[in-house]
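> Take a look at this one; I'll ask things after.
The values are calculated or read from the model by the stated rules, or taken from the named source; none is laboratory data. Everything quoted here is computed from the prediction, not taken from an experiment. As a convention, Cβ positions derive from the backbone with ideal geometry for all residues, glycine included, and neighbour counts pool all protein chains shown. Remember, those area values only see protein heavy atoms, side chains included, never the ligands or the DNA or RNA. Shrake-Rupley method; radii C 1.70, N 1.55, O 1.52, S 1.80 Å.
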Amino acid sequence: MSQDFYELLGVSRDADADTIKKAYRRLARQYHPDVNPDPDAQDTFKAVSHAYEVLSDPAKRQQYDRGGDPFGGGFAGAGQGFSFTDIMDAFFGGGGQPGGAASGRGPRPRVRRGQDALIRLEVQLAEAAFGVTRELKVDTAVRCTACNGDGAQPGSKPVACETCHGAGEVAHVQRSFLGEIRTLRPCAACKGFGTVIPDPCRECAGDGRVRARRSLTVKIPAGVDNGTRVQLSEQGEVGPGGGPAGDLYVEIHVAQHATFRRHGNDLHATVSVPMTAAALGTVLTLPTLESDLGDEGQQTFDLDVAAGTQSGSTVTLRGLGVPGLRTQARGDLVVTIVVETPAKLDARQEELLRELAKLRGEEAVEGSLRPAHKSVFNRLRDAFSQH
């Protein structure tokens, strides 16, 4: 094996630093003991690492080119003072670019975006259907007005950390078979920020934000339903260091209505009519959902109960349902008619009903059984079984 560092790395004597690093990374991937089990590979890897350590340091390279000992003594052993980040570069890239492994992460920013917040709001069915504007009280983190978010007591300011000198990270050295391995960790003194606040703000204790209750107006659009979330941009938690606020989400919960039930954009309701009204026919005037809001929109509708209407019949009234959240096209109102049979009759009423039954030939009714109505699933099953 050649003892010339340039020959070991396979570069010329006038190679620049980038060429030397690329050559080392290529050889490290080839000879590292973790990927090459050959016993000779470990010796080659140590020699290559030793050569790279010398040639990647301008001062050591200059001394080596003059024929001197770059370590100021005998052979110091492969990997002495060798950076672990160079090995990581060899396998995972980085190459000293910003954000790469060799460049380190640098100090953490004190100013960061705040978290999103979520609150739940109960509204009535009519409010969900046609929209409403509400005033809300929310408890969130807001920017500290005493220090304007920088966390320092007025008249003072953050200073560079004496431990990491503003880098936000410090090097930790461990010895291994490769020699000294240096890794970068967040500085414990400044928590990785690179600066410390010697005199924290007394209002926010250096965080740049405080909790407070505030009022805001939220407009609930027409057509929302249970679980719909309305987004209010930048109305959430203010970030550390007085950073920009996150978003506030208002999740809608629709209270149950006494009359109407919502199914998608359709409304369903039930109305009871006397037996005589169902037999003879009638017109009922009933309230709409808009009547819950006062004088807005159509307050009533007419339900035409045709003569001979049977219990369980439905009447569909177009366009009296709920507006769509995106299309605003309204659904329908589906009214189910329930015919009430009188439970108690006085003598006169009973006499009249018996007379009616006699006139209709219904004094003695013979019952008959019919097949039960098949469900949709049973009809589908029968249809498929025929093929």
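> Which number in (1) aliphatic (A, V, I, L, M); (2) farther than 23 Å from Gly239 by Cβ; (3) surrounded by 15 or more Cβ atoms within 10 Å (Cβ to Cβ) marks the one condition that Ala152 misses?
(2)
> Only residues that are at pLDDT below 65 and exposed (fewer than 10 other Cβ atoms within 10 Å of the Cβ): list them for region 343-381, please.
The answer is His373, Ser375, Val376, Phe377.
> Going by what's in this entry, would Asp292 be described as among the charged types (D, E, K, R) and in a strand (DSSP E or B)?
Values: among the charged types (D, E, K, R): yes; in a strand (DSSP E or B): no.
So Asp292 does not fit the description; no.
> For region 181-205, which positions are farther than 30 Å from His50 by Cβ and either charged (D, E, K, R) or open to solvent by less than 30 Å² (accessible area, probe 1.4 Å) (or both)? Before the answer, list the steps.
Taking region 181-205 as the starting set, the residues that turn out to be farther than 30 Å from His50 by Cβ are 186-205.
Passing the criteria: Cys187, Cys190, Lys191, Gly192, Gly194, Asp199, Cys201, Arg202, Glu203, Cys204.
> Within region 1-16, take every residue that is small (Gly, Ala, Ser) and over 15 Å from Tyr64 (Cα atoms) and give me the one that is surrounded by the fewest Cβ atoms within 10 Å (Cβ to Cβ). Steps first, please.
Step one: filter region 1-16 for residues small (Gly, Ala, Ser), giving 2, 10, 12, 15.
Next, from what is left, pick out any that are over 15 Å from Tyr64 (Cα atoms): 2, 10.
Values: Ser2: 10, Gly10: 15.
My answer is Ser2.
> Please go through region 136-167 and give me each residue that is of a type in the set (Asp, Glu) and under 25 Å from the mean Cα position of the chain (by Cα), ordered by number. Please lay out each step first, then the result.
So the first thing to find is which residues in region 136-167 are of a type in the set (Asp, Glu), and the list is 139, 150, 162.
Selection gives Asp139 alone.
> Could you list all residues from region 123-149 that are farther than 30 Å from Gln298 by Cβ, open to solvent by 30 Å² or more (accessible area, probe 1.4 Å) and in a strand (DSSP E or B)?
Lys137, Asp139, Val142, Arg143
> I'd like to verify a number: residues in region 310-322 that are surrounded by 13 or more Cβ atoms within 10 Å (Cβ to Cβ) and under 22 Å from Gly264 (Cβ atoms), how many? Break it down into steps so the answer makes sense when it comes.
First, the residues of region 310-322 that are surrounded by 13 or more Cβ atoms within 10 Å (Cβ to Cβ): 311, 313, 315, 317, 320-322.
Okay, now just the ones that are also under 22 Å from Gly264 (Cβ atoms), so 313, 315, 317, 320-322.
Residues meeting the conditions: 6.
> Please enumerate the residues belonging to region 207-229 that are out of contact with any helix residue (DSSP H, G or I) (no Cβ under 9 Å at 6 or more places or on another chain) and either not hydrophobic (A, V, I, L, M, F, W, C) or not in a strand (DSSP E or B) (or both).
In the first step, residues of region 207-229 are kept if they are out of contact with any helix residue (DSSP H, G or I) (no Cβ under 9 Å at 6 or more places or on another chain); the result is 210-219, 221, 227, 229.
Within region 207-229, Arg211, Arg213, Arg214, Ser215, Thr217, Lys219, Pro221, Gly227, Arg229 qualify.
> State which residue is nearest to Gln124 (Cα to Cα) when the search covers only region 280-307 and only residues that are surrounded by fewer than 12 Cβ atoms within 10 Å (Cβ to Cβ) and under 41 Å from the mean Cα position of the chain (by Cα).
So the residue we want is Gly294.
> Answer yes or no as to whether Gly297 is outside any strand (DSSP E or B), within 30 Å of Thr145 (Cβ to Cβ) and of a type outside the set (A, V, I, L, M).
Working: outside any strand (DSSP E or B): yes; within 30 Å of Thr145 (Cβ to Cβ): no; of a type outside the set (A, V, I, L, M): yes.
No, not satisfied.
> Inside region 228-251, can you point out the residues that are open to solvent by less than 10 Å² (accessible area, probe 1.4 Å) and hydrophobic (A, V, I, L, M, F, W, C)? Working first, answer last.
In the first step, residues of region 228-251 are kept if they are open to solvent by less than 10 Å² (accessible area, probe 1.4 Å); the result is 236, 239, 242-243, 246, 248, 250.
If the condition is that a residue be open to solvent by less than 10 Å² (accessible area, probe 1.4 Å) and hydrophobic (A, V, I, L, M, F, W, C), then Leu248, Val250 are the ones that fit.
> To continue, here is another question. Looking only at region 150-184, count every residue that is in a loop (DSSP other than H, G, I, E, B), of a type in the set (Gly, Ala, Ser) and within 26 Å of Gly246 (Cα to Cα) and tell me the total.
Here is the first cut: in region 150-184, the residues in a loop (DSSP other than H, G, I, E, B) are 150-151, 153-158, 161-168, 177-178.
With of a type in the set (Gly, Ala, Ser) added as a condition, the list becomes 151, 155-156, 166-168.
Now drop any that are not within 26 Å of Gly246 (Cα to Cα), which leaves 151, 168.
Final tally of qualifying residues: 2.
> Could you list, ordered by first residue, the pairs with Cβ atoms under 7 Å in which the first is in region 254-279 and on the phi < 0 side of the Ramachandran plot and open to solvent by 50 Å² or more (accessible area, probe 1.4 Å) and the second is hydroxyl-bearing (Ser, Thr, Tyr) and part of a loop (DSSP other than H, G, I, E, B), at least 6 apart or interchain?
Within 7 Å, the pairs are Met275/Thr341.
> Then there is this: Would you check if there is a residue in region 323-339 being out of contact with any Gly (no Cβ under 8 Å at 6 or more places or on another chain), more than 16 Å from Ala129 (Cα to Cα) and open to solvent by 30 Å² or more (accessible area, probe 1.4 Å)?
Yes - at least one qualifying residue is present in region 323-339.
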